[in-house]
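Asker: I have a structure here, written as structure tokens, and I will follow up with some questions on it.
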Amino acid sequence: MNKTGAAWLTQACRWGGLLALGIGYALISHLAASAAPGLLQAGIAMLPLLALAIVLAWRSPQRPVMLALCGLACLAFYGSRNWLIAHSSWLFFLEHAGTYSLLCATFGRTLFHGRTPMISQFARIVHGELSPALAAYTRAATWAWTFYFAGIAGLSLLLFWLTPMSVWSTFAYLLGIPLLVLMFAAEYAARCYVLPPGERAGPLEAIQAYRQASSQSRVPRS
């Protein structure tokens, strides 16, 4: 197998693994959120927050201190396990709606006057200087993603308030990935309709370029 084929296989395995991990977590979260409250359910609800804290601590220049703080936080969570078990449904809701609200705010604030829209930032990593058509499209796409995240967060709130937990978790976890894929597909279809072929970058290209630029920016300068 040549280098190109090996790189493609590695990338496919990586994305396949991430997709399988996402689907697996969604299924486990749906079952946990729909079940009777317990320590396992509360732990699953707290897992994304703990995982994010550990990743950030591992990347921090003060790694030992930050990892020690994560360990203390885990002990604190275990010490308050009775409260967490009693409110595990709220933990699931806050993790889901809070994530989409944060994404909405992150994308939306880049639309303020004088700032570069989020999708425009991604496009500059891939294309460099943006043409007027691409700049207009990426601003509109940033609006679309902002409304998408806001809509998901709003629906999450309404369903959590008005329906049984099993209905909410079906929307939040079982439909989350399909809705995200549908949004990506709709945005890419709009991109193909509006932009010429030379200015159409696929989602994976944009993500790969953004990760590459981010990794380069973290390299310490001599």
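Asker: What about ALA186, is it without any contact (Cβ under 8 Å) to a residue 60 or more places away in the chain and either polar (S, T, N, Q) or touching a Lys or Arg at 6+ places or on another chain (Cβ under 9 Å) (or both)? Reasoning before the result, please.
Answerer: Numbers: without any contact (Cβ under 8 Å) to a residue 60 or more places away in the chain: yes; either polar (S, T, N, Q) or touching a Lys or Arg at 6+ places or on another chain (Cβ under 9 Å) (or both): no.
Considered against the rule, which asks whether it is without any contact (Cβ under 8 Å) to a residue 60 or more places away in the chain and either polar (S, T, N, Q) or touching a Lys or Arg at 6+ places or on another chain (Cβ under 9 Å) (or both), ALA186 comes out as no.
Asker: Looking for whichever is among the hydrophobic types (A, V, I, L, M, F, W, C), part of a helix (DSSP H, G or I) and buried (at least 18 other Cβ atoms within 10 Å of the Cβ) here; the options are PHE92, PHE77. Which one fits?
Answerer: Working: PHE77 fails: buried (at least 18 other Cβ atoms within 10 Å of the Cβ).
Exactly one of PHE92, PHE77 is among the hydrophobic types (A, V, I, L, M, F, W, C), part of a helix (DSSP H, G or I) and buried (at least 18 other Cβ atoms within 10 Å of the Cβ), namely PHE92.
Residue-by-condition table, conditions (1) of a type in the set (Lys, Arg); (2) surrounded by 12 or more Cβ atoms within 10 Å (Cβ to Cβ); (3) modelled with pLDDT of 85 or more:
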{"site": "GLY17", "(1), (2), (3)": "no, no, no"}
{"site": "GLY24", "(1), (2), (3)": "no, no, yes"}
{"site": "SER29", "(1), (2), (3)": "no, yes, yes"}
{"site": "ALA35", "(1), (2), (3)": "no, yes, no"}
{"site": "LEU39", "(1), (2), (3)": "no, yes, no"}
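Asker: Can you tell me which condition LEU182 does not meet? The list is (1) buried (at least 20 other Cβ atoms within 10 Å of the Cβ); (2) within 25 Å of SER29 (Cβ to Cβ); (3) at pLDDT 90 or above, and all the others hold.
Answerer: (1) is the only condition that LEU182 fails.
Asker: Among the residues of the range 57-82, which ones are in contact with a helix residue (DSSP H, G or I) (Cβ under 8 Å, 6 or more places away or on another chain) and under 15 Å from LEU47 (Cβ atoms)? Don't jump to the end; show me each part of the working.
Answerer: To start, the set of residues in the range 57-82 that are in contact with a helix residue (DSSP H, G or I) (Cβ under 8 Å, 6 or more places away or on another chain) comprises 57-58, 60, 63, 66-67, 69-70, 73-74, 77, 81.
Once the filter is applied, which keeps residues that are in contact with a helix residue (DSSP H, G or I) (Cβ under 8 Å, 6 or more places away or on another chain) and under 15 Å from LEU47 (Cβ atoms), the range 57-82 yields CYS70, ALA73, CYS74, PHE77, ARG81.
Asker: Please verify whether ILE54 is assigned to a helix (DSSP H, G or I) and under 23 Å from ILE177 (Cα atoms), treating the condition exactly as stated.
Answerer: Working: assigned to a helix (DSSP H, G or I): yes; under 23 Å from ILE177 (Cα atoms): no.
Taking the combined requirement at face value, the residue does not satisfy it.
Asker: Could you list, in sequence order, all residues of the range 95-127 that are among the small types (Gly, Ala, Ser), at pLDDT below 90 and crowded, with 16+ Cβ neighbours inside 10 Å?
Answerer: Answer for the range 95-127, where residues must be among the small types (Gly, Ala, Ser), at pLDDT below 90 and crowded, with 16+ Cβ neighbours inside 10 Å: SER120, ALA123.
Asker: Also, quick follow-up: What number of residues in the range 29-51 are outside any helix (DSSP H, G or I) and in contact (Cβ under 8 Å) with a residue 12 or more places away in the chain? Please lay out each step first, then the result.
Answerer: Pass one, the range 29-51, residues outside any helix (DSSP H, G or I): 35-38.
When the remaining residues are screened for being in contact (Cβ under 8 Å) with a residue 12 or more places away in the chain, the result is 37-38.
Count: 2.
Asker: Further question: Considering ALA140, ALA73, ALA105, which residue is without any contact (Cβ under 8 Å) to a residue 40 or more places away in the chain and not assigned by TED's automatic domain parsing to the domain that holds LEU179? So that I can check it myself, show each step before the final result.
Answerer: Details: ALA140 fails: not assigned by TED's automatic domain parsing to the domain that holds LEU179; ALA105 fails: not assigned by TED's automatic domain parsing to the domain that holds LEU179.
Of the residues listed, the single one that is without any contact (Cβ under 8 Å) to a residue 40 or more places away in the chain and not assigned by TED's automatic domain parsing to the domain that holds LEU179 is ALA73.
The values are calculated or read from the model by the stated rules, or taken from the named source; none is laboratory data. What you see is a predicted model; the values in this text were computed from it and never measured. Every residue, glycine among them, receives a Cβ derived from its backbone with ideal geometry; neighbour counts consider all protein chains shown.
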